[in-house]
1. Per 5 Å bin, what percent of the C-alpha pairs of region 280-330 does each bin hold, from zero upward?
2. Treat the count of other C-beta atoms within 10 Å as a stand-in for reagent exposure and order 478, 302 from fewest to most.
3. Counting DSSP beta bridges with both partners in the chain, what percentage is antiparallel, nearest 5?
4. With N set to the residue count of region 447-515, report its C-alpha Rg divided by 2.2 N^0.38 Å to two decimal places.
5. Evaluate the charge dipole of the chain about its Cα centre and quote only its size in Debye, nearest 20, assuming +1 on the Cβ of each Lys and Arg and -1 on the Cβ of each Asp and Glu.
6. Would you work out which of 470, 166, 117 lies farthest towards the positive end of the dipole of the chain, given +1 charges on the beta-carbon of Lys and Arg and -1 on that of Asp and Glu, about the Cα centre?
7. Looking at the chain from every direction and averaging, what is the projected area of its Cα convex hull in nm²?
8. With θ taken as phi - 60° and the coefficients 6.51, -1.76 and 1.60, list the Karplus ³J(HN,Hα) couplings across region 212-219 in order, rounded to whole Hz; mark glycine and proline as x.
Amino acid sequence: MNISSLQKARYEYTPKLPGMLRNGISEICVKEGGATQSVADQEKIQALFPNTYGKSEITFQKGENTSEARTHKVGVILSGGQAPGGHNVICGLYDALKATNKENELYGFKGGPSGLLEDDYVIFDDAFIDEYRNTGGFDIIGSGRTKLETSEQFAVVAEVCKKHGITAVVIIGGDDSNTNAGVLAEYFAANNTGVQVIGCPKTIDGDLKNEDIECSFGFDTATKTYSEIIGNIQRDANSAKKYWHFVKVMGRSASHVALECALKTQPNICLVSEEVAEKKMSLSQIADYIADSVAKRAAKGMNFGVAIIPEGVVEFVPEFSVLIHEINELLAGSKADAFNALPTWADKYAFIEKGLTKESMEVFAILPEAIQQQLFLERDPHGNVQVSLIESEKLFSALVKDKLDARKAEGTYTGKFGALHHFLGYEGRCAFPSNFDADYCYSLGYNAFMLIQYGYNGYLSKVSNLSAPANEWVAGGMPITKMMNIERRHGEDKPVIKKALVELDGAPFKYFEAHRDEWAENTCFVYPGAIQYYGPAEVCDITTVTLALEQA
């Protein structure tokens with residue numbers, strides 16, 4: 001296999017572990033904390049999880065290892081979208097297994113949860129693992145989005161585990177995947193299978209966080225990758241001085257990625273979906289807000305700038321959410337076939353005009369035609385608008401142009417406005433993990449085996465104190481049920497891990513809020529540059545601005 005010099009050097013990087021995990025497996029003991037309860041809906045969650053609810057949080061510390069000595073066979077899956085560092089979770093898990101007993105085995109199930117259902121696996125050895133240390137991607141065994149949520153599926157998984165003598169499964173995934181891990185753990189406990197389930201917190205969106213999970217893995221690397229590109233775009237904008245760049249970044253439900261990139265790069269504009277929802281901002285108000293920045297900068301002779309747009313922001317605009325709901329109703333069932341059979345866009349537009357309320361039609365009418373048509377592209381499996389297909393960066397630049405044209409006609413704006421568009425998504429999901437993510441993920445995997453060794457089930461691998469140097473990190477575990485609440489999904493009440501949105505009273509947003517007016521009018525760009533892997537710790541091991549502000 002041909003490899004780059006960086007890839008070879010990364011294979012040889014030794015991830016840093018929390019201090020108590022460096023003592024050697026035989027010198028790690030457990031300190032149990034108090035009993036826990038779910039974040040909300042306590043009675044309902046307890047009723048659904050009678051065997052795994054209310055367990056104690058635990059912390060590992062230096063002391064005699066009192067776990068039962070036995071041979072372990074562990075299965076691992078990667079679930080959901082890719083995030084940098086996933087390979088190191090598996091490497092840490094493997095190394096801890098082998099450090100305890102060379103006879104221990106790690107089964108990697110291929111293609112995500114479906115690999116468990118189809119009994120499609122590889123048994124890892126040193127040579128296999130060594131090719132993936134400290135690398136990006138999920139290509140070691142692949143990932144998938146099959147949900148483990150029915151008792152029939154659980155029974156199949158139990159049979160697969162029994163067939164191979166597997167006594168624990170580690171699920172590496174986001175909020176949905178770890179919800180499924182909690183449900184699977186409850187099934188295994190209720191049916192006395194003897195199989196444990198441990199989760200690991202992954203998502204570049206950053207929305208799997210709470211008082212216990214300070215940061216999901218992959219967020220650090222992805223935001224550094226996007227911020228490098230945004231910094232490069234800003235340098236180009238400041239050089240050419242003739243374009244406004246509208247940059248959409250990943251983040252369907254939460255704006256953590258957009259906010260972190262803004263804190264790193266100090267663009268002129270960054271929309272935060274949660275604020276848009278809180279203030280009930282209309283499309284027109286958002287366009288005016290951006291146009292104000294364009295006009296103020298133009299008055300200073302600066303006809304250029306950068307705006308960061310979160311991927312899912314349009315869903316947070318109240319009037320747009322109503323429009324989406326009405327379109328979903330308009331095309332429900334057989335009505336979609338009637339609409340699709342219309343020969344021209346003019347015919348379809350007339351159909352839409354008859355079907356929408358006056359208020360929603362007014363919103364629809366101000367959208368550029370390309371965006372209007374995107375709202376009527378193929379539906380998702382539930383027959384709904386696929387909001388992720390809407391090019392919101394182009395939507396807002398077009399609305400801003402309309403605002404500026406109106407101001408020009410009034411004589412209140414004399415600048416020039418040319419827009420360029422970018423979408424940063426897949427570029428960040430499989431990057432070489434930063435030192436922080438390489439260390440954090442390895443620690444999560446190593447720690448997951450400690451939870452298995454001590455017999456825990458339905459727990460999430462937890463590493464905290466993350467803004468400190470790695471040797472000061474604290475390793476332990478928390479019951480997955482602690483993060484759960486009840487939400488309405490497809491007409492049913494379901495237990496799910498609560499998504500963490502940007503907190504408008506939190507330190508990261510408050511810092512952004514205090515500086516954004518200056519950034520909007522002046523050129524305060526910061527150019528973060530590429531991720532650094534070798535050199536002084538203050539350059540190479542630094543984590544996110546978000547985490548630094550939260551733990552200041």
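1. Percent of Cα pairs in each bin: 5, 17, 20, 19, 14, 11, 8, 4, 2, 1.
2. On the way: 478 26, 302 18.
The fewest-first ordering by Cβ neighbours comes to 302, 478.
3. Numbers: 23 of 57 bridges.
Beta bridges within the chain, antiparallel portion: roughly 40 percent.
4. Values: Rg = 17.0 Å, N = 69, 2.2 N^0.38 = 11.0 Å.
Cα Rg divided by the expected 2.2 N^0.38 Å: 1.54.
5. On the way: 53 positive and 73 negative charges, 165 e Å.
In debye, rounded to 20, the chain gives about 800.
6. Toward the positive end, the furthest listed residue is 470.
7. Values: hull surface 110.2 nm².
Taking a quarter of the hull surface, the average projection is 27.6 nm².
8. In residue order, the calculated couplings are 9, 9, 6, 6, 7, 6, x, 4 Hz.
Every number here is computed from the coordinates shown, using simple stated rules; none is lab data. Every value quoted in this text rests on a predicted model; they were computed, and no experiment measured them. All Cβ positions, glycine included, derive from the backbone under ideal geometry; neighbour counts span all protein chains shown.
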